[in-house]
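To start, the structure itself, in structure tokens.
The numbers here are math on the coordinates, done by the rules we state, and not lab data. Computed from a predicted model, the values in this text were never measured in an experiment. Every residue, glycine among them, receives a Cβ derived from its backbone with ideal geometry; neighbour counts consider all protein chains shown.
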Amino acid sequence: MITCPACDCANVYTVEDITHLQYGPHPDSVILVFIRPLRVCARCRLNFTDEAGERAQENAVKRYRTLLYSPPPDIRAWYEKNAHMLEHLSLFDVLTAWEEQRKRSITT
Ligand SMILES: [Zn+2]
């Protein structure tokens, strides 16, 4: 049972918060986009995250690192072929965009 840390109310509901996380050292950081469960207190309206939110973030980072170190071979090939047109995009950006695309095609 989740209770509100501010008012102790147990009437807490969850919304899906689309979170943009800047990840990695500047200037090579990327924006990871993931859905984080956000708890909302029905009484005092406090928004807060808990372990589920932390897990969602860890999973997003894990997914990204998996892609980073073992990108799908076709994406890497495509990137290498088109790199001259993508000079402002790193392979990381392309992978992030690819993952977004894949997520959309799963949900639609
Ligand atoms: Zn509350």
Non-local residues with an amide H under 5 Å from the amide H of Cys9, with H modelled 1.01 Å from N and Pro and chain starts lacking one, are Cys4
Can you compute the radius of gyration and Dmax for region 12-107, using only the Cα atoms, both in Å?
16.3, 55
Taking r as the C-beta separation of Thr66 and Val40 and R0 as 22 Å, the FRET efficiency to the nearest 0.05 is 0.10
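Tell me, Met1, Met85 in order of fewest to most beta-carbon neighbours within 10 Å?
Numbers: Met1 4, Met85 8.
Least to most surrounded, the residues fall as Met1, Met85.
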On a full-extension model of 0.36 nm per residue, what is the gain between Trp78 and Ile31, subtracting their alpha-carbon distance, rounded to one decimal in nm?
14.8 nm
For Ser29, Ser90, Ser70, what ranking results if the residue with the fewest other Cβ atoms within 10 Å of its Cβ goes first?
Ser70, Ser29, Ser90
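Between Thr49 and Asp93, how high is the FRET efficiency from 1/(1 + (r/R0)^6) when r is the Cβ-Cβ distance and R₀ = 22 Å? Nearest 0.05. Please list the in-between numbers first.
On the way: r = 26 Å, r/R0 = 1.20.
After rounding to 0.05, the efficiency reads 0.25.
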How tilted is helix 73-82 with respect to the longest principal axis of the chain? Cα atoms for both, answer in degrees (0 to 90, nearest 10).
60
If I fit a long axis through the Cα atoms of helix 51-69 and take the longest principal axis of the Cα atoms of the chain, what angle between them do I get, 0 to 90°, rounded to 10?
10
